[in-house]
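A short worksheet on the structure shown next.
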Amino acid sequence: MAAIGVLVALCGLGLLVLEAHVPGFGIFGSAGVLALAGGVGLIVDAAGAPLAVALPVALILAVIGAVLLFVVGQKVLLSHRLEPQSGPERLPGVAGVVQTWAGDEGQVAADGSLWSARTSFGWQDPAPTAGETIVIERLDGLTLMIRRPHSWEKDPVWKPSELSL
């Protein structure tokens, strides 16, 4: 009976590891927690402990495993909802400054780097000039598609200096 308990517990651990590496949406993790708790229950029962000891041990392990699975699962889901914090994917919406411009293309300083840039589709205004502030609309490969900022982007409603003491 103890050998079966060890086998079931090892299968439970294997399912938990599988959940960490394969998107199982919690199914492998839940099955792993249950198998681990059942395996430990079988091991404790095979050791000669009464059911009054084996059952609480298995339940405590199952609850601890379920709580850990829930906490880790929530962190994983939260990390998928967050926007990128680095790299070019976070650039749309960021302001930049035109460094040079010739024709339809130029260079823009944004986020501490110098980028190749083009105007967004339909830009009817004159070409941007050096020193002008722009907003990154989107990325086309590693080329920024830029536009002029809207009036609400130029003059924010709230200014920190107005609230200073």
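Derivation of every value follows stated rules applied to the coordinates shown; laboratory data play no part. A quick note: this is a predicted structure, and the numbers were derived from the prediction, not measured. Cβ sites come from the backbone with ideal geometry, for glycine too, and all protein chains shown count toward neighbours.
Once Kirkwood radius over Cα pairs in Å is calculated for the structure shown, the corresponding label among [x] 16.6; [y] 20.9; [z] 20.3 turns out to be [y]. Peptides 89-96, 58-65, ordered by how many other C-beta atoms sit within 10 Å of their residues on average, highest first, read 58-65, 89-96.
To the nearest ten degrees, helix 51-81 and the longest principal axis of the Cα atoms of the chain are 10 degrees apart. All other residues whose Cβ lies under 10 angstrom from that of D125 are scored, Lys and Arg at +1 and Asp and Glu at -1, for a net of +2. Helix 27-46: angle to the longest alpha-carbon principal axis of the chain, degrees 0 to 90, nearest 10? Roughly 20 degrees, rounded to the nearest 10. The angle between the Cα long axis of helix 2-21 and the longest principal axis of the Cα atoms of the chain comes to about 10 degrees, rounded to the nearest 10.
Sort region 88-154 into rounded, prolate or oblate with this rule: let a ≥ b ≥ c be the square roots of the eigenvalues of the Cα gyration tensor; rounded if a/c is under 1.5, and if a/c is not under 1.5, prolate when a/b is larger than b/c, oblate otherwise. Rounded, because the longest to shortest axis ratio a/c is under 1.5. Positive end of the charge dipole of the chain (Lys, Arg +1 and Asp, Glu -1 on Cβ, about the Cα centre): tell me which of L18, A66, G39 has its Cα farthest that way. After comparing all options, I get G39. Each peptide in 68-78, 40-50, 13-23 gets a packing score, the mean of other Cβ atoms within 10 Å over its residues, and the list from highest to lowest is 40-50, 13-23, 68-78.
Evaluated with a Cβ-only charge set (Lys, Arg +1; Asp, Glu -1), the chain carries a dipole of roughly 340 debye about its Cα centre, given to the nearest 20.
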